[in-house]
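Worksheet: one structure, shown below.
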Amino acid sequence: MALKRKRFRIIIIILLFIVYFFMAARPVKREVVLEQKWISSLTSSSLQGSQADNLLPFVLGSHFGYVDSSGVFAVNRVKTNDIALGQNMWTEYGAMPANIEIKNINEETIINIENAGGYPVLRDNRVFVLGSENNSLSEINETGEIIWTYEFGSMLTCIDARAGLLLTGSLDGVIEVFSSAGERIFYFEPGGSRYAVILGCAISSDGSRIGIISGIDQQRFLLLERFGNSGGDYKVVYHEFLDAGFSRPVRILFVDDDRRIVYERTGGINCYNMRTRRSVFIPLDGEIIAVEESGEQGFLFLVISHSSPESLIEKKLVGVRFPQDRWFDISRSSDAIFMSALFKSDDVFLARTGSSLIAGGGTTLVSFELKEK
């Protein structure tokens, strides 16, 4: 009998060890490094002429344009007015522009908008004109003609477009979704705050999810998902209060092939995982001034700012490792930041394509290759 009890205890101990091993064991994290690939000066005209398909639009200091993954510019110009940049088209415009010329990467005018009556907005290879009072939006076709116009009940505070859909948020706390024909297919007032205003909005690449930052006192993050067969029915599947929040536009974006949505909150960022339905707070010591929009391979890069004693603006490039997806992995936000690098510059640029990270400061763009070792 004693032998049986001893064997039973041994079996229990072995089972407990197995459970502990799978619950507590973590894979050894591989070191992530950034290897420099190239440096390009915005003041050099000898690097002009790239015709690559995968171009990154940039605005840095007094320059704007498009650069490819090898550091060659398709467009590199000095700003003389305000700039609107799309993936393959751009325009410069002044205050209350009479006409707006949309140009391609060959600097050829492809769309001429006469009597614009507002300001250009380029999203998802589409051209819009935001009315001079910020409360109307018109879509423009390839011949410069208005396809449709919509008048809003209040000033627009955010705009996003994906998958043929247009998402807007307004000062009166309303979000609306429009079809490619300009038909409003969804209307929603989140409410729940003392001051109703939409401070940030984003739509996923397939149009199936919407993320918004809503209200002041109290501020909330809400995630909506599409359901039903009509294509315009969304419902709230997650919401979270964000403490004091902000009274300015808030960054919010889908990353990592829409697997996650990242948004600002006081003292850092939140990362919501679509698979685990969890939101993890990642503290950051400084004000976020740039975020790359891909978040691929489980990493996200940001630039945050500090004021140094010399009164120069000190910046920090920060690399964030997303929490793992396993349900039993209790991720700690202190483990999320895997790298940081200080530099000083008045202006910054940050973008990413695949494993290539391009950062800019002053009049220089620098490319790094993201590698795991």
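Key figures
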quantity: Segment 162-321, accessible surface, carbon-and-sulfur percent (1.4 angstrom probe); calculated: 47
quantity: Whole-number accessible area per residue in Å² for segment 149-198, which is evaluated in the context of all protein chains at 1.4 Å; calculated: 44
quantity: Per-peptide average of other Cβ atoms within 10 Å, ordering 61-74, 285-298 highest first; calculated: 61-74, 285-298
quantity: Gyration tensor verdict on segment 163-259 (Cα atoms; rounded if a/c is under 1.5, prolate if a/b is larger than b/c, oblate otherwise); calculated: prolate
quantity: Size of electric dipole in segment 212-255: Cβ of Lys, Arg +1 and of Asp, Glu -1, about Cα centre, debye, nearest 20; calculated: 140
quantity: Nearest-20 debye value, segment 162-286 charge dipole, Cβ charges on Lys, Arg, Asp, Glu; calculated: 240
quantity: Distance violations [Cα-Cα > 32 Å] among LYS344/LYS373; LYS79/LYS373; LYS37/LYS79; LYS37/LYS344; LYS79/LYS235; LYS315/LYS373; calculated: LYS79/LYS373; LYS79/LYS235
quantity: In order through segment 349-363: 3J(HN,Hα) via Karplus (6.51 cos²θ - 1.76 cosθ + 1.60), integer Hz, x for Gly, Pro; calculated: 9, 8, 8, 8, 9, x, 8, 9, 10, 10, 10, x, x, x, 10
quantity: Residue (of PHE221, PHE128, TRP148) at the positive-pole extreme of segment 120-261, dipole from beta-carbon charges; calculated: PHE221
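The values are calculated or read from the model by the stated rules, or taken from the named source; none is laboratory data. All values derive from a computational prediction rather than experimental measurement. Cβ: placed from backbone, ideal geometry, glycine included. Neighbour counts: every protein chain shown. These accessible areas exclude ligands, DNA and RNA; they are computed on the full protein's heavy atoms, side chains included. Shrake-Rupley method; radii C 1.70, N 1.55, O 1.52, S 1.80 Å.
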